[in-house]
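The values are calculated or read from the model by the stated rules, or taken from the named source; none is laboratory data. These figures come from a predicted structure and were not determined experimentally. Using ideal geometry, Cβ is built from the backbone for each residue, glycine included, and neighbour counts are taken over all protein chains shown.
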């Protein structure tokens, strides 16, 4: 799962936020950071998101967060800034696909249909990403997502395979 939270999500959340903040100006970085700081996360969730810098949301940037923090950001970003972004925005659609993939790969229960669904989600995600961000080629971490359905089907559920580094400051 490191390829997902520690790779694809870090690169693509940066692209998505760059599009929202810099290109389309739906909101500004100050609003995002204010909302990140004041958001009521799950009581059990100690992975509060640190302030996001302007350099981490450049078109070539990468948001540097621990995998557990990135999972939290993906889980809640729609609630944090969703009121500022049109739901038909292509970058927002990409974000929604990230959420769907996250829900499948962190699921504790699988069936055969879920492997096929995951495969479809990943293919759609990678195609949409290429379509809206052609200037930012996919990294090897993106390509590794293609193998998730086969690997999980032949071994075990991804949440068992994954490991998160606990945030030492929490």
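Here are some notes:
- Selection of region 1-28 for residues being part of a loop (DSSP other than H, G, I, E, B) and over 15 Å from the mean Cα position of the chain (by Cα) yields 24, 25, 26, 27, 28.
- If the condition is being touching a helix residue (DSSP H, G or I) at 6+ places or on another chain (Cβ under 9 Å) and in a helix (DSSP H, G or I), then region 104-119 contributes 104, 105, 112, 114, 115, 116, 117, 118, 119.
- Count of region 33-54 residues which are over 16 Å from residue 9 (Cβ atoms) and modelled with pLDDT of 90 or more: 9
- Scanning region 78-91 for residues that are in contact (Cβ under 8 Å) with a residue 12 or more places away in the chain and in a helix (DSSP H, G or I) returns 78, 79, 80, 81, 84, 90, 91.
- A single member of 125, 66, 95 is closer than 21 Å to residue 5 by Cβ, modelled with pLDDT under 95 and surrounded by 17 or more Cβ atoms within 10 Å (Cβ to Cβ), and it is 66.
- Qualifying residue in region 106-119 (condition: modelled with pLDDT under 95, surrounded by fewer than 17 Cβ atoms within 10 Å (Cβ to Cβ) and closer than 30 Å to residue 31 by Cα): yes
- Scanning region 120-139 for residues that are part of a helix (DSSP H, G or I), without any contact (Cβ under 8 Å) to a residue 40 or more places away in the chain and in contact with a helix residue (DSSP H, G or I) (Cβ under 8 Å, 6 or more places away or on another chain) yields a total of 6.
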